[in-house]
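Input: a single structure, listed below in structure tokens.
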Amino acid sequence: MFTVYILLSEKDNKRYVGFTDNIERRLLEHNSGRVISTMNRRPFILIYSEEYENKSDAMKREKYFKTHSGRNFLDSISK
């Protein structure tokens, strides 16, 4: 099982999109500074997630969230 997740930085109020096979471990990695791309934007809170059976589907959904349409979708659910 794979999870596509959206994190919100409490420092700069920006989102981070990713996918993982272990959401608890991954959130801990982000908040402890072990992820280079997010280490200066800690702390994070999980604001949205979706589960997928396979890695390919999770990767496609992550890619969608990084498009203009995907960002609009995330804006609409976070209001």
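Under the condition of being assigned to a strand (DSSP E or B) and among the β-branched types (Val, Ile, Thr), the residues counted in the range 30-54 number 2. Selection of the range 4-20 for residues being open to solvent by less than 20 Å² (accessible area, probe 1.4 Å) and of a type outside the set (A, V, I, L, M, F, W, C) yields TYR5, SER9, GLY18, THR20.
When the range 33-51 is filtered for residues that are of a type outside the set (Gly, Ala, Ser) and over 11 Å from TYR5 (Cα atoms), the ones remaining, listed by number, are ARG34, VAL35, ILE36, THR38, MET39, ASN40, ARG41, ARG42, PRO43, PHE44. Checking each residue in the range 30-52 for being open to solvent by 50 Å² or more (accessible area, probe 1.4 Å), β-branched (Val, Ile, Thr) and in contact (Cβ under 8 Å) with a residue 12 or more places away in the chain picks out ILE45, ILE47.
Being aliphatic (A, V, I, L, M), in contact (Cβ under 8 Å) with a residue 12 or more places away in the chain, surrounded by 11 or more Cβ atoms within 10 Å (Cβ to Cβ) and outside any helix (DSSP H, G or I) is not true of LEU27.
The values are calculated or read from the model by the stated rules, or taken from the named source; none is laboratory data. Bear in mind that the values here come from a model prediction, so they are computed numbers and not experimental data. Because the Cβ atoms are built from the backbone with ideal geometry, glycine has one as well, and the counts that use them run over all protein chains shown. Side chains are part of the model used for accessible areas, which takes the heavy atoms of the whole protein and leaves out ligands, DNA and RNA. Shrake-Rupley method; radii C 1.70, N 1.55, O 1.52, S 1.80 Å.
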